[in-house]
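Here is the structure we will look at, set down as structure tokens.
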Amino acid sequence: MKRSLVLILPLLLAACAGGRGSWNGSVQCAPYAREHSAINLRGAAASWWGEAQGQYSRTSSPRAGDVLVFRSTGRLPSGHVSVVKQVRNSRMVLVDHANWEPGQVTRHAPVVDVSPNNNWTRVRVWWSPIHAMGKTVYPVYGFIEPTGTGGS
């Protein structure tokens, strides 16, 4: 069972930010983040970082209400976005996000910064099916703040 989940997980996560009609329907990370944050961006999740330039501040320091933007990878071809609900400390936030677990919304999921310089460029994410942090390290751009222009 574990092996099967590991093999299909990349395919399931690929649907995260897909357009209407993807097999998970409306439970996708980008529309969810848009509806549950003050960030109004469209397109694939990974494109949000570039789209935010000139519209929203971007930072490597998390605050509640920010959107964490994951880079596109082989496992996450469209990237991923999560809404920061709480900052626990300089290395851990709790997020709400859709479709990390296929077709579901996950609330208050821990995300841990594992980047060497504590700059939120690499993270690990809670994976509920195993009741533990996932083993995969994901590259991220950082956080989009809902405060308007003024960041990088």
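The numbers here are math on the coordinates, done by the rules we state, and not lab data. Predicted model only: the values in this text are computed from it and were never measured.
Worth a mention:
- Scaling the Cα radius of gyration of region 65-152 by the globular reference 2.2 N^0.38 Å produces a ratio of 1.04.
- Over 17 Å [Cα-Cα, region 101-145], rounded percent: 38
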